[in-house]
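The block underneath contains the structure these notes are about, expressed in structure tokens.
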Amino acid sequence: MALGRTAKYYREHPEARVKHNASSKKAAAKPAAIQKRVEANKARKDLGLKKGDKRDASHKNGTIVAEDRKINRARGGALKR
């Protein structure tokens with residue numbers, strides 16, 4: 001699989017990668033981010049989704065449902081950019 005634009009950038013600019021990783025680590029340690037991961041993990045467990053499953057826990061109409069990951073991640077299409 002080919003690398004995306006962001007991956008290429010960080011491979012070519014190691015100083016930017018260090019800065020980005022430090023920023024990401026700080027953001028991931030916030031209580032709100034931790035709580036969000038706890039809720040997401042619980043939802044995956046409740047839906048019976050395992051690591052490597054071809055489905056995602058998708059937010060639809062205010063609930064979380066199991067949905068094919070390709071459909072879930074493609075929603076919005078060109079509008080995401």
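The values are calculated or read from the model by the stated rules, or taken from the named source; none is laboratory data. Because the structure is predicted, anything quoted here is derived from the model rather than measured. Virtual Cβ from ideal backbone geometry, glycine too; neighbours counted across all protein chains shown. SASA here: full protein model, heavy atoms, side chains in, ligands and nucleic acids out. Shrake-Rupley method; radii C 1.70, N 1.55, O 1.52, S 1.80 Å.
Structure above, values below:
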| read-out | value |
| --- | --- |
| Where the chain is the region considered: accessible area per residue in Å², 1.4 Å probe | 90 |
| Simple Cβ-charge dipole of the chain, Lys/Arg +1 and Asp/Glu -1, about Cα centre, in debye nearest 20 | 120 |
| Accessible-area ranking of 49, 3, largest first, probe 1.4 Å | 3, 49 |
| Virtual spin-label span in nm between residue 53 and residue 22, 7 Å along Cα→Cβ | 3.8 |
| Average Cα contact separation per residue, the chain, under 8 Å, 6 or more apart, as relative contact order % | 13 |
| Listed residue (52, 16, 28) projecting farthest to the positive dipole end of the chain, Cβ model | 16 |
| For the chain, alpha-carbon Rg over 2.2 N^0.38 Å | 1.37 |
| Segment 1-60, accessible surface, carbon-and-sulfur percent (1.4 angstrom probe) | 58 |
| Residue with peak Gaussian network fluctuation, the chain [Cα springs, cutoff 10 Å], from 11, 44, 55 | 11 |
| Modelled FRET efficiency - R0 30 Å, residue 3 with residue 69, Cβ distances, 0.05 increments | 0.90 |
